[in-house]
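Participant: Here it is, the structure in full.
Only the coordinates and a few stated rules stand behind these numbers; no lab work does. Bear in mind that the values here come from a model prediction, so they are computed numbers and not experimental data. Virtual Cβ from ideal backbone geometry, glycine too; neighbours counted across all protein chains shown.
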Amino acid sequence: MSDTPTPIFKDPATSLEKKTSTEIGSVFVSNYPAYSFWNDTDIEKALQAFQHPAHIDKPLGLYMHIPFCRKRCKFCYFKVYTGKNSDEIQNYLDALVRELEIYGSQHAVQHRPLKYVYFGGGTPSFISVKHLKWLVERAKDAISWDAVEEVAFECEPGTLSRSKLEAIREIGVTRLSVGVEHFNDDILKENGRAHVSKEIYRVQPWIKEIGFDQVNIDLISGMIGDNFETWKAAVEETIEFDPDSVTIYQLELPFNAVYSRHIREGEKLTVADWATKREWHSYAIDRLSEAGYMVSSAYTMVKKESSNKKFIYRDALWRGSDMLAAGVSSFGHIGGVHFQNSSRWAEYIGKVDSGQLPITRAFATSERERLIREMILQLKLGDISANYFQDKFQVDILDEFSEAYQRLQANGMLSVNDRQITLSRQGLLQVDQLLPIFYEEKYRDARYT
Ligand code: SF4
């Protein structure tokens, strides 16, 4: 998803402390430096980066934000709209296509093959078959998809019909990610999810029959109302569903989520603490391992026998790929510059209508910031080689960050053997809470805004 916030860590010394209670604020690390450091003075640098011919061999991806949902989940912080009608959706898709046409005319994009496309949201599967086919046809006119190796698509079970799934397959989707989160109806309802379990069971045979290269299921450990028994049952249902991969997040309380507002207004909410969420997550890793899955990152397990274990979007993004960001509030990266689109509907549409890229904040990274960004994101894979960073950045990370690595090693979070850094299970389960130890001083007191 596009706009995952960066956490607050007031003091790096706290990052190794056990965070027992789940407090308001985000923990998940999706980028570096934090978004609160992005600014309008660097917008010009992003625009200039688009004007420069780029290295043709550097991977280029496209993220398309479809910001519509049936209901707003109470833990959600994404930019989503729940009441837009078909005409408004068409207006938005018109703007998306215009934005892609602007991208297609930039020097940094011309003659450069797209390697991957990611439909995120929001709920991409919310839009109709007609809208979806129209969008993809126009998008391909704007920028060629001929070299695309992966098209990933997020969906919500209650928005799927057999014909919509067929259309999703027809437009070239290779990786279908189903936002299940849990199988228990009381828990789904309590957390504001739009779907119910019978909608998950209804779509499962269609997904199998239609056949996607890869099917992923998202789960969340520690949803409000969950307990160990209901969690274990959800893990069993997941195994029964038989996806190629399972992605597990631990519930957070981002500032702008409904739950966080309720807590600030004085509502008493019982939220599983971090140790509990890690324990449940760890149980799921064990159970899924028994069922034939293996760890592919701190969040994702893939089926060992699956012929396609790759997740190109994730791996490209975590290795510093350029990515075009299309849609309201989307985040992208070009030639060393992070950028984000306007998060206001009218401003976003107005800008692309006038032929401009709708960027409202950006951040031109230094070589060191790019090194730290790649290193912390790749640590989420659970296993990195210091040699990769030596070759790419001419920096020995084991030397440069020796104190941080020694501290993490002393705390049992990772081990280092033959220049290979491997996170322990405990390290994997709380990787986002460990990463700020690598941040530069000036970025440690980061607030998500
Ligand atoms: S379906 Fe996803 S994007 Fe939509 S409100 Fe729920 S969590 Fe947010």
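Participant: Between GLU229 and ASP186, what length comes free when the chain is fully extended (0.36 nm per residue of separation minus the Cα-Cα distance, one decimal in nm)?
Facilitator: Computed gain between GLU229 and ASP186 is 14.1 nm.
Participant: Further question on the same structure: Can you order the peptides 409-415, 298-304 by their average number of other Cβ atoms within 10 Å per residue, highest first?
Facilitator: The most tightly packed comes first, giving 298-304, 409-415.
Participant: Also: What is the diffusion coefficient of segment 12-315 in µm²/s, taking the Kirkwood radius over Cα pairs and the Stokes-Einstein relation at 20 °C with a viscosity of 1.002 mPa s?
Facilitator: Calculated translational D: 103 µm²/s.
Participant: Please state the charge dipole magnitude for the chain, taken about the Cα centre, from unit charges on C-beta atoms (+1 on K and R, -1 on D and E), reported in debye and rounded to the nearest 20.
Facilitator: Computed about the Cα centre, the dipole is about 540 debye.
Participant: Could you check what % of the DSSP bridge pairs in segment 12-315 are antiparallel, to the nearest 5?
Facilitator: Just about 20 percent of them are antiparallel.
Participant: Roughly how many nanometres apart are two label points built 7 Å out from the Cα toward the Cβ at ARG419 and ASP242?
Facilitator: 4.4 nm
Participant: What list of ³J(HN,Hα) couplings, whole Hz, do you get for segment 165-181 from phi and the Karplus terms 6.51, -1.76, 1.60, once you set θ to phi - 60° and write x for glycine and proline?
Facilitator: Rounded to whole hertz, the list is 4, 4, 5, 4, 5, 4, 6, x, 5, 9, 10, 9, 10, 9, x, 7, 6.
Participant: Measure out, as a whole number of angstrom, how far apart the alpha-carbon centroids of segment 238-252 and segment 86-116 sit.
Facilitator: 32 Å
Participant: Along the Cα-to-C-beta direction of GLU367, a point sits 7 Å from the Cα; which residues of segment 402-430 have their amide N less than 20 Å from that point?
Facilitator: Within reach of a label on GLU367: 402.
Participant: Would you give the gap between the C-alpha center of segment 170-195 and the C-alpha center of segment 286-314, rounded to a whole Å?
Facilitator: Segment 170-195 and segment 286-314 have Cα centres separated by 19 Å.
Participant: Lys and Arg at +1, Asp and Glu at -1: add these up for the other residues within a Cβ distance under 14 Å of SER163 and post the number.
Facilitator: It works out to a net charge of +3.
Participant: Given contacts defined as C-alpha pairs under 8 Å and at least six residues apart, what's the relative contact order of the chain, whole-number percent?
Facilitator: Computed over the chain, the figure is 24 percent.
Participant: Just order 416-423, 270-277 by mean Cβ neighbour count inside 10 Å, highest at the front, would you?
Facilitator: Packing proxy ranking, top to bottom: 270-277, 416-423.
Participant: When the chain is modelled as a GNM with alpha-carbon springs shorter than 10 Å, which of TRP206, TRP231, TRP318 fluctuates the most?
Facilitator: Evaluated over the chain, the most mobile residue of the options is TRP206.
Participant: Right, here's the next one. Amide H to amide H under 5 Å from GLY192: which residues, 5+ apart in sequence or cross-chain, H placed 1.01 Å off N in plane?
Facilitator: Distant-sequence amide H within range of GLY192: LYS74.
Participant: So if I take the centroid of the Cα atoms in segment 253-273 and the same for segment 316-380, what is the distance between those two points in Å?
Facilitator: About 29 Å separates the Cα centre of segment 253-273 from the one of segment 316-380.
Participant: Give the list, by residue number, of cysteines in the chain with no other Cys Cβ closer than 4.7 Å, or say none.
Facilitator: CYS69, CYS155
Participant: Just add up the charged neighbours of ASP57: K/R +1, D/E -1, any other residue whose Cβ is under 11 Å from the Cβ of ASP57.
Facilitator: Within the 11 Å Cβ shell, the charges total +3.
Participant: For the pairs LYS58/LYS140; LYS71/LYS130; LYS45/LYS71, flag any whose C-alpha to C-alpha distance is greater than 27 Å.
Facilitator: LYS45/LYS71
Participant: Can I ask one more? Based on Cβ point charges of +1 for Lys and Arg and -1 for Asp and Glu, what charge dipole magnitude is obtained for segment 108-231 about its Cα centre, in debye rounded to the nearest 20?
Facilitator: For this selection, approximately 520 debye.
Participant: Further question: So how do 332-342, 347-357, 191-201 stack up, highest first, on mean other-Cβ count within 10 Å?
Facilitator: Top to bottom by mean Cβ count within 10 Å: 332-342, 191-201, 347-357.
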